[in-house]
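Heads up: the structure comes next, in structure tokens.
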Amino acid sequence: LKCGARGVVYRVTFSARGGGVDWACSKRLLFGSLLALSSDGFASILWATVAHRSLDLLRAADGPRLDVALSEAQHRSFQLAQSRGARFQMLESPVFFDATRHTLTALQRISAERLPFSQTLLACAPVPVVEPPKYLSASADADAWEMGGVFPSLPGRGTLHLLQPWPRSLSQGGQG
């Protein structure tokens, strides 16, 4: 247990499903990876990130070990569960979390009233009809894109108009 820049860091021992992981070549459990920890079959989840990944720790004789960071709020819940002797299951996100961490943190700081598209993103409301941008409706051909090289069977010399219905031959999955 130690405090780090990203929260409280714990060294955890785990068993990898399927065993026999070549940790030197594995892309699993890299620094910054998002982990979901649960002691109740994922009815509740504690979120953590990989704080340190060392081959020496992963190859330990008594089982692979890993340093994981939990936020202060998550740390308290983890500590309480540990004091009761709870064992945790761990899932790793297939997406590299650290790359999107800053964007997601910034979104958390924006109030729902000021968030663009909040009704769509937060309330899952149907997307309202939105007028096309002015640059597409400025003239009759402003929405025309030459797509003959990609879709040779398009009528009109392969021109696709973005503001018109999708060509029937393309919407049915074919090109002809």
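The values are calculated or read from the model by the stated rules, or taken from the named source; none is laboratory data. A quick note: this is a predicted structure, and the numbers were derived from the prediction, not measured. When we count neighbours, we look across all protein chains shown, and the Cβ atoms used for this are built from the backbone with ideal geometry, even at glycine. Only protein heavy atoms, including side chains, enter the accessible area calculation; ligands, DNA and RNA are left aside. Shrake-Rupley method; radii C 1.70, N 1.55, O 1.52, S 1.80 Å.
Worth pointing out:
- Acute angle (nearest 10 degrees) that the helix 72-83 long axis makes with the longest principal axis of the chain, alpha-carbon atoms: 40
- Enclosing the Cα atoms of the chain in their convex hull gives a volume equal to 233 cubic angstrom per residue.
- What segment 96-142 shows is 89 Å² of accessible area per residue, with the surface traced by a 1.4 Å probe over protein heavy atoms.
- Within the accessible surface of the chain, defined with a 1.4 Å probe on protein heavy atoms only, the carbon and sulfur portion equals 57 percent.
- In Hz, Karplus ³J(HN,Hα) per residue of segment 18-32 (6.51, -1.76, 1.60; θ = phi - 60°; x = Gly, Pro): x, x, x, 8, 8, 5, 5, 9, 6, 9, 7, 6, 7, 3, x
- Highest-first arrangement of 132-141, 26-35, where packing means the average Cβ count within 10 Å: 26-35, 132-141
- Averaged over its residues, segment 1-80 has an accessible area of 57 Å² per residue, based on protein heavy atoms and a 1.4 Å probe.
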